């Protein structure tokens, strides 16, 4: 999952980047509103964390602007002054949730994954498609109740496919969401990872969880069901 | 002393005196005009009579010449320069007779007039006085079938008439002037009385400035009561604000002492388990953050300053808050109902009311199973000034009795760690108190969960 962090305070920005990367997100950073707007509209972002008090373009205006430009991904606001006035204005501008400073990273992470689920159309932290279950909180994956061990990269690909189960996701989109800006796009890492995922989830080729659509990308074709 | 704009009483006095003066001048001119008209008419009548007297005084002498027999031996016509004159001319304009009074005056009386002609005119005498003269052309009969065409002229000085006019004018000016003065004096006195409250206000404000008084007094007339009560409210809220800032500083310093002491102790202790002391420090840092947050909010609360603020529309605010909370609690199947008339307004800072409602309604959303009901009304128990009653109910587990009393009790600080529902409620209580409002917690009869009621100033 690719997350954009727009925060003018360098220390918070760096801590967030370190924590988010460790939690398996690929992270884009922006230090002011204008930079943030560029990243928010030009990069394939899945979710954004936006501080309200930004230089050049305020967080409120940044959110209004990216919503006006048709961006529908989840937006989490950071507020320094934990006042309802700011929260309500931010949420009215188009944000989806808020975290007040000073925050614990665990809270940010919980709210981010909740936002990702919500924008993917999932109600709870547990995603289930056919026999495959994935818990976004514990990052545990099981097939027919049996736990499957995945590497971090494999997990990220599966989570992305499951969050948007039923949609076709291109190879380049998956690549972009796995790594940050300067990744070598010609690499066939995604193909290798998808191949490994298929073998781990479906060693006997019975459920065929991930479909390949030639020239278009991948699709998780198992039916969604409540976990 | 600096010359500022003229005082209110001076403005009023000038505003009244000018029309009054204008009125008197116009009235005096009108009366003067009527008086002059009448005296001119009287003069004409008198001259007319003199012409008639002259006609009867003329007789035909034995020599066929005309003689004038003045009947009155004391007639002023005999006294030279007396101011009363008469003359007789024939129809060719030839002077037949003139009164002895004309001697030495070189006045020329009368002129050629046809029979039936009348002439009234003024002329200036040598001594500067004005002479009014009247001439009549008549067919004068002196026997059967015998008659002459004659012009009779009588003249009189207007000096007595002018004297009369001046006396009249002086009297009129005297009376009007006196009346004017009396009216103005009355007006000035009334204005002093009417403006007495303003002067009192001025004195009381001076007393406020010097610190001799802390409030403006009661008993101002209706026109000023709004200003004075508003000013009193402003003074009161400013004073409260200062007290609050002082309290906040005191509380802040005081409440930071404990966690700081714990941190210092943890750092200095010979505790072998580093992770345990780190955890202790982490806990205290969280506590410090919480304290700072709480005190910042308290300090930011506007706190009852209702002076010069438009009422905040409560329904619009609740709708915004509802939309925001539905987003925040999107993972829950939440149903927030709002029941409030659109004209309901809160008297105070919009940030404060949003903070109050945000805390209370968010709490309800956190704890409810699925339903939250927010209803706002004018408080039926109270007359004026009007108060709002805002009730927030949910279908959650409710607030335990022990916590209710702890939150409601004054003196329990909101930064003490109160789990669950209590977190924002002590803060709410503090803000409600700032507005002189009331705050109740009990169980909701309708939904079965918690019921929180706020009573606040409204309009």
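A few remarks follow.
- Residue within region A:100-107 that is assigned to a helix (DSSP H, G or I), within 14 Å of chain B (Cβ to nearest Cβ), surrounded by fewer than 16 Cβ atoms within 10 Å (Cβ to Cβ) and touching a strand residue (DSSP E or B) at 6+ places or on another chain (Cβ under 9 Å) present: yes
- Meets criteria (loosely packed, with under 12 Cβ neighbours inside 10 Å and either in contact with a helix residue (DSSP H, G or I) (Cβ under 9 Å, 6 or more places away or on another chain) or modelled with pLDDT under 85 (or both)) for residue B:73: yes
- Test: residue in region A:62-74 that is within 13 Å of chain B (Cβ to nearest Cβ) and either in contact (Cβ under 8 Å) with a residue 60 or more places away in the chain or under 16 Å from the mean Cα position of the chain (by Cα) (or both): yes
- Selection status of residue B:366, in the same structural domain as residue B:434 (by TED's automatic domain parsing), assigned to a helix (DSSP H, G or I) and touching a residue at least 12 places away in the same chain (Cβ under 8 Å): yes
- The combined condition, being assigned to a helix (DSSP H, G or I), modelled with pLDDT of 85 or more and within 14 Å of another protein chain (Cβ to nearest Cβ), is fulfilled by residue B:357.
This table checks each residue for (1) modelled with pLDDT of 85 or more; (2) in a helix (DSSP H, G or I).
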position	(1), (2)
A:147	yes, no
A:162	yes, yes
A:181	no, no
A:203	no, no
A:212	yes, no
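- Failed item in (1) touching a strand residue (DSSP E or B) at 6+ places or on another chain (Cβ under 6 Å); (2) within 13 Å of chain B (Cβ to nearest Cβ); (3) farther than 27 Å from residue B:287 by Cβ; (4) at pLDDT 85 or above, with residue A:126 passing the rest: (4)
- Which numbered condition residue A:114 misses (of (1) surrounded by fewer than 17 Cβ atoms within 10 Å (Cβ to Cβ); (2) within 11 Å of another protein chain (Cβ to nearest Cβ); (3) closer than 16 Å to residue A:20 by Cα): (1)
- Which listed residue, of B:128, B:104, B:110, B:174, is within 60 Å of the chain's Cα centre (by Cα) and assigned to a loop (DSSP other than H, G, I, E, B): B:128
- Which numbered condition residue A:53 misses (of (1) within 28 Å of residue B:292 (Cα to Cα); (2) modelled with pLDDT under 90; (3) within 14 Å of chain B (Cβ to nearest Cβ); (4) assigned to a loop (DSSP other than H, G, I, E, B)): (3)
- Residue within region A:10-32 that is within 13 Å of another protein chain (Cβ to nearest Cβ), in a loop (DSSP other than H, G, I, E, B) and surrounded by fewer than 21 Cβ atoms within 10 Å (Cβ to Cβ) present: no
- Subset of region B:194-217 [more than 16 Å from the chain's Cα centre (by Cα) and over 13 Å from residue B:232 (Cβ atoms)]: B:200, B:202, B:203, B:206, B:207, B:209, B:210, B:211, B:212
- Among residues of region A:192-227, those that are in contact (Cβ under 8 Å) with a residue 60 or more places away in the chain and exposed (fewer than 15 other Cβ atoms within 10 Å of the Cβ), counted: 4
Matching residues to (1) in the same structural domain as residue A:207 (by TED's automatic domain parsing); (2) out of contact with any strand residue (DSSP E or B) (no Cβ under 9 Å at 6 or more places or on another chain); (3) surrounded by fewer than 19 Cβ atoms within 10 Å (Cβ to Cβ):
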| site | (1), (2), (3) |
| --- | --- |
| A:131 | yes, no, yes |
| A:135 | yes, no, yes |
| A:144 | yes, no, yes |
| A:151 | yes, yes, yes |
| A:157 | yes, no, no |
| A:171 | yes, no, yes |
| A:174 | yes, no, no |
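- The residue that is nearest to the other protein chains (Cβ to nearest Cβ), among those in region A:83-99 that are part of a loop (DSSP other than H, G, I, E, B) and modelled with pLDDT of 85 or more, is A:96.
- Inter-residue pairs, beta-carbon under 7 Å, first within 17 Å of residue B:390 (Cα to Cα) and assigned by TED's automatic domain parsing to the domain that holds residue B:363 and in region B:418-440, second modelled with pLDDT of 80 or more and part of a loop (DSSP other than H, G, I, E, B), 6+ apart: B:435/B:348
- Single residue of region B:317-352 satisfying the filter (assigned to a strand (DSSP E or B) and under 30 Å from residue B:237 (Cα atoms)) that is nearest to the other protein chains (Cβ to nearest Cβ): B:346
The values are calculated or read from the model by the stated rules, or taken from the named source; none is laboratory data. Predicted model only: the values in this text are computed from it and were never measured. Counting neighbours? That spans all protein chains shown, and the Cβs are built from the backbone with ideal geometry, glycine included.
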